[in-house]
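Single-structure report; data block below.
The values are calculated or read from the model by the stated rules, or taken from the named source; none is laboratory data. Note that the structure is a prediction, hence the values are computed from the model and not measured. Ideal geometry is used to build each Cβ from the backbone, glycine not excepted, and the neighbour counts take in all protein chains shown.
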Amino acid sequence: MCNLYSMTSTQAAIRDLVKGMTDKTGNLPPLPGIFPDTQAPIVRNGADGLEMVTARWGMPSPQKALENKKTDPGVTNVRRTESPHWRRWLSIEHRCLVPFTSFSEYDTIDGTKVPVWFAANDDRPLLFFAGIWTNWTAVWKMKEGEVNVDRYGFLTCEPNAEVKAVHPRAMPVILTTVEEREVWQRADWNESKDLQRPLPDGALRIVAKGEKKDAGP
């Protein structure tokens, strides 16, 4: 599953693709290596329309997964949308777009696990994961204690051919068109659930290997 991605596009590029959005992120730096629990940008439906904010990567874990644990590591990838744990966050008010330029899956090369980075092409154009978010209070890290923060994750699905060659179990749900983003932001789940599907074969390519950050071309 995807536990590392990169977002090196500018805020202006995100605003150009998502029209009518209020940017509340301040001065957002390039993020060549986004790991679980990292603060990163998402685009969500706010009280006054679309807004870009930052949140921490990793949705609240199911209660069963927290047995005998003192902290919640969070769930970055969401596959079983029929689960009651996830159904509560599939409504429009909890959906978000997660901007990215590339994402990685781990492969074993010469006996060592290394990141393999995927993007639409070598220029790493801006795309979006189909995400969900919530505000949640928990102990995420012992050193910070119990805190209330916005958290996000994104949906996964069967992999397409390029990802399957590296990671045969899953790939992130990626939205590539204005229409797909509109459906994810505004449509009832009965319609938007059809977006939980892989990209067509040939839609991605490997752009880097072996680095825990993807600084781009």
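Within the range 84-97, at least one residue is surrounded by fewer than 15 Cβ atoms within 10 Å (Cβ to Cβ) and either in a strand (DSSP E or B) or in contact (Cβ under 8 Å) with a residue 60 or more places away in the chain (or both).
Screening ARG197 against (1) more than 17 Å from VAL78 (Cα to Cα); (2) surrounded by fewer than 19 Cβ atoms within 10 Å (Cβ to Cβ); (3) in contact with an Asp or Glu (Cβ under 8 Å, 6 or more places away or on another chain) leaves a single unmet condition, (1).
From THR156, THR176, which residue is within 21 Å of ILE14 (Cβ to Cβ), hydroxyl-bearing (Ser, Thr, Tyr) and at pLDDT 95 or above?
Details: THR156 fails: within 21 Å of ILE14 (Cβ to Cβ).
Just a single option satisfies the conditions, and that option is THR176.
Collect the residues in the range 98-115 that are in contact with a helix residue (DSSP H, G or I) (Cβ under 9 Å, 6 or more places away or on another chain) and either free of Cβ contacts under 8 Å to residues at least 40 places away in the same chain or farther than 24 Å from ARG15 by Cα (or both), keeping them in residue-number order. If the condition is that a residue be in contact with a helix residue (DSSP H, G or I) (Cβ under 9 Å, 6 or more places away or on another chain) and either free of Cβ contacts under 8 Å to residues at least 40 places away in the same chain or farther than 24 Å from ARG15 by Cα (or both), then GLU105 is the only one that fits.
Can you tell me how many residues within the range 31-43 are surrounded by fewer than 19 Cβ atoms within 10 Å (Cβ to Cβ) and either assigned to a strand (DSSP E or B) or of a type in the set (A, V, I, L, M, F, W, C) (or both)? Reasoning before the result, please.
First, the residues of the range 31-43 that are surrounded by fewer than 19 Cβ atoms within 10 Å (Cβ to Cβ): 32-33, 35-39.
Cutting the leftovers down to either assigned to a strand (DSSP E or B) or of a type in the set (A, V, I, L, M, F, W, C) (or both) gives us 32-33, 35, 39.
Within the range 31-43, residues that are surrounded by fewer than 19 Cβ atoms within 10 Å (Cβ to Cβ) and either assigned to a strand (DSSP E or B) or of a type in the set (A, V, I, L, M, F, W, C) (or both) number 4.
Restricting the range 44-78 to residues that are among the basic types (Lys, Arg) and within 28 Å of THR25 (Cβ to Cβ), the residue that is surrounded by the most Cβ atoms within 10 Å (Cβ to Cβ) is ARG44.
Under the condition of being in a loop (DSSP other than H, G, I, E, B) and touching a residue at least 12 places away in the same chain (Cβ under 8 Å), which residue from the range 11-30 is farthest from GLY58 (Cα to Cα)?
Here is the first cut: in the range 11-30, the ones in a loop (DSSP other than H, G, I, E, B) are 18-21, 24-30.
With touching a residue at least 12 places away in the same chain (Cβ under 8 Å) added as a condition, the list becomes 18, 20-21, 24-25, 28, 30.
Working: VAL18: 23, GLY20: 27, MET21: 24, LYS24: 20, THR25: 19, LEU28: 20, PRO30: 20 Å.
Applying the filter and picking the extreme gives GLY20.
Would a scan of the range 106-119 turn up a residue that is at pLDDT 95 or above and under 13 Å from the mean Cα position of the chain (by Cα)? Looking through the range 106-119, none of the residues is at pLDDT 95 or above and under 13 Å from the mean Cα position of the chain (by Cα). On the stretch given as the range 117-150, residues that are in contact (Cβ under 8 Å) with a residue 60 or more places away in the chain, buried (at least 22 other Cβ atoms within 10 Å of the Cβ) and of a type outside the set (Phe, Trp, Tyr) total 5. Restricting attention to the range 158-187, the residues that are touching a residue at least 60 places away in the same chain (Cβ under 8 Å) and among the acidic types (Asp, Glu) total 0.
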